[in-house]
Amino acid sequence: MEPSKSDIHTIFKRLKSIKSNKLCFDCRSNNPTWASVTYGVFLCIDCSAVHRSLGVHLTFIRSTQLDTSWTWPQLRAMQVGGNANATAFFRQHNCLTNDANAKYNSRAAQLYKDKVKQQASAAMRKYGTELHIEEIAHMYSPDKKEGDFFQELTKVDEKASFIQNTTTSVPINNGKTQADDDPDAVPDVSAALGTSPSKVKAEPRKSTIGTRKPTSAKKGLGAKRGMGAQKVKTDFKALESQAMAADKMKEDSVKQKN
């Protein structure tokens, strides 16, 4: 079953009410009345002539006012497409040229052509020949970009890494953490050191107050050697007796001479 003139008019009236579809997709002139079914975009009459020169294998042109032989797959392509979606896609794929031949022979154009075809087929399977203008118009939003899968995956990995780095693990003892028992407790690192807290006994520290530091033997010139001076003990009484005896002997000898 082909769409009626009323269906065609209703669909294009709704699509042309969208701000981005009020300008030519290629040259931005006002009130475009032609369309490229291949890309689901609206074009002015001048740009539509350029598209015809490119060939139907690249772009298929129809009038939104004069043609009455639109098919449902073609109308679905216009509904899932639109100038805003196409503009976002071409910009995302860095296809910004104004040269029509280079633009529609680019890889971005081929990708978008395939995308519109796939989405139009999906809309046909879901809606058949029903209009469902509003639902389809909102189903494919230009705000959602393609090719962001790896960027999103990177963000998830960075977030997970950030959470892991900012999380502090506390040893658990009988269902309780050390932090619960004593907020100021030092984490137990005995497992990492290979020792058990029960086997390690802390020895009391000895006080050094009142103790004399042992003197070490002097080295060098001032050091005592085997043949050096030694302390001699003197008996002063014996010396005094010897001196008195010597004096007495001198007196005796003097007396004998006289």
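The values are calculated or read from the model by the stated rules, or taken from the named source; none is laboratory data. On a predicted model such as this, the values are computed, not experimentally measured, just so you know. Positions of Cβ are generated from backbone atoms using ideal geometry, with glycine treated the same way; all protein chains shown enter the neighbour counts. With ligands, DNA and RNA removed, areas are computed over all heavy atoms of the protein, side chains included. Shrake-Rupley method; radii C 1.70, N 1.55, O 1.52, S 1.80 Å.
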(request) Sort W72, W34 by accessible area with a 1.4 Å probe, largest first. (result) W34, W72
(request) Any chance you could run the full-extension gain for R91 through S6? It's 0.36 nm times the residue separation minus the Cα-Cα distance, nm to one decimal. (result) 27.1 nm
(message) Please list R62, R125, R14, R76 from largest to smallest accessible area, probe radius 1.4 Å, with all protein chains kept in place.
(response) R125, R14, R62, R76
(message) I need the calculated FRET efficiency for the pair Q110 and C27, taking r as the beta carbon distance and R₀ as 30 Å, to the nearest 0.05.
(response) 0.85
(message) Under a crude label model (7 Å from the Cα following the beta-carbon direction), how far is K19 from L239 in nanometres?
(response) 12.5 nm
(request) Give K22/K115; K103/K126; K16/K113; K13/K126; K5/K126 a once-over and call out the pairs whose C-alpha atoms are over 25 Å from each other. (result) K103/K126
(request) Would you kindly state how much longer the chain becomes between S121 and A102 on full extension, computed as 0.36 nm times their sequence separation minus their alpha carbon distance, in nm to one decimal? (result) 4.1 nm
(request) Give me the number: length gained by fully extending Q65 to R52, i.e. 0.36 nm times residue separation minus the C-alpha to C-alpha distance, one decimal in nm. (result) 2.9 nm
(request) Grab the other residues whose beta carbon is less than 11 angstrom from that of A35, score K and R as +1, D and E as -1, and report the net. (result) +1
(request) Would you check the accessible area of K126, probe 1.4 Å, heavy atoms only, in square angstrom rounded to 10? (result) 140 Å²
(request) Mind ranking H57, H93 by accessible surface for me, highest first, 1.4 Å probe? (result) H57, H93
